[in-house]
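The structure appears below as structure tokens.
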Amino acid sequence: MEQPKSAAEKLAERKARLLDLHKQRQEARTQNHQEVVAEDARKKLPSNWEARKRQAEWLLADDKARAEAEAAGKDYERMKLLDVSAVDAERIEKKKQRKDNPDLGFSTYEAQTARQYNRLVKSMPPRDMAKYEKQKAELGEAFYGGPNTTLHQRTKDTPSAINNMVKDLDQQIERRKKYSRRRIYNDDADVDFINERNSKFNKKLDRFYGEHTAEIKQNLERGTAI
């Protein structure tokens, strides 16, 4: 039978337990202080710090792998391509194409005009410097233009330039048709909706339940539904 503890033993156990709790409280306080300091340091970092850190780690790993491949006499670029799947390779190629010719969509009319201007400049043929100098000599000061300068009687567009302009206008018209978001309604179709949202909802219902409700709809139209 276990002997009952004396008052001195109970007091010693309580002191030990109290000392342990005090120690745990100090450790928790130290950890909390460290977390606060670390969080404050993270807040002072740039918003893209994590992305830059991952990029730096990737560059270091890539440099290390490249050095190891060169030391072993292997082609590192070929080794990288062997590890890339066909799906990933296609995705990377599409990403490169989007980067070379980005389509940012419509943002403002100024940006749209600038995009069209850059596109037209890229499609222009190389300048004929001989023709440029000849036209400059013929027009004199009028070549540089001014508030009182008129050139429509002194210059003449070539047939090829006119054809290029017509071709570009036709391409613009075709692009507008392609990217138009107007919804064309069939005037002969039954109107079973009250607005655009209701029309979309009815089309969705018809996709899933149309074949099951076709007979009921016909009976309702004939007036023979029970």
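To keep it simple, each residue is scored yes or no on (1) open to solvent by less than 80 Å² (accessible area, probe 1.4 Å); (2) under 36 Å from the mean Cα position of the chain (by Cα).
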position	(1), (2)
Gln116	yes, yes
Ala130	yes, no
Lys134	no, no
Leu151	yes, no
Asp157	no, no
Asn164	no, yes
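Each residue in the range 38-70 was checked for being assigned to a helix (DSSP H, G or I), of a type outside the set (D, E, K, R) and open to solvent by less than 90 Å² (accessible area, probe 1.4 Å), and 9 of them qualify. Sub-9 Å Cβ pairs linking a first residue in the range 160-180 that is touching a residue at least 24 places away in the same chain (Cβ under 8 Å) to a second residue that is aliphatic (A, V, I, L, M), at least 6 apart or interchain, are Asp168/Leu120, ordered by first then second residue. Could you say whether any residue in the range 99-111 is part of a helix (DSSP H, G or I) and open to solvent by less than 100 Å² (accessible area, probe 1.4 Å)? Yes, because at least one residue in the range 99-111 is part of a helix (DSSP H, G or I) and open to solvent by less than 100 Å² (accessible area, probe 1.4 Å). Checked against the criterion of being open to solvent by 100 Å² or more (accessible area, probe 1.4 Å), touching a helix residue (DSSP H, G or I) at 6+ places or on another chain (Cβ under 9 Å) and modelled with pLDDT of 75 or more, the candidates Lys178, Lys200, Lys217, Lys204 yield just one match: Lys217. Of all the residues in the range 2-19, those that are open to solvent by 100 Å² or more (accessible area, probe 1.4 Å) and modelled with pLDDT of 85 or more number 5. Among the residues of the range 188-197, the one identified as modelled with pLDDT under 85 and in a helix (DSSP H, G or I) is Glu196. Of everything listed in (1) within 39 Å of the chain's Cα centre (by Cα); (2) at pLDDT 85 or above, the single unmet condition for Arg183 is (2).
The values are calculated or read from the model by the stated rules, or taken from the named source; none is laboratory data. Not measured: the values here are computed from a predicted model. Cβ coordinates were reconstructed from backbone atoms using ideal geometry, including for glycine residues, and neighbour counts include every protein chain displayed. When the accessible area is computed, the model is the full protein with side chains, heavy atoms only, and any ligands, DNA or RNA have been set aside. Shrake-Rupley method; radii C 1.70, N 1.55, O 1.52, S 1.80 Å.
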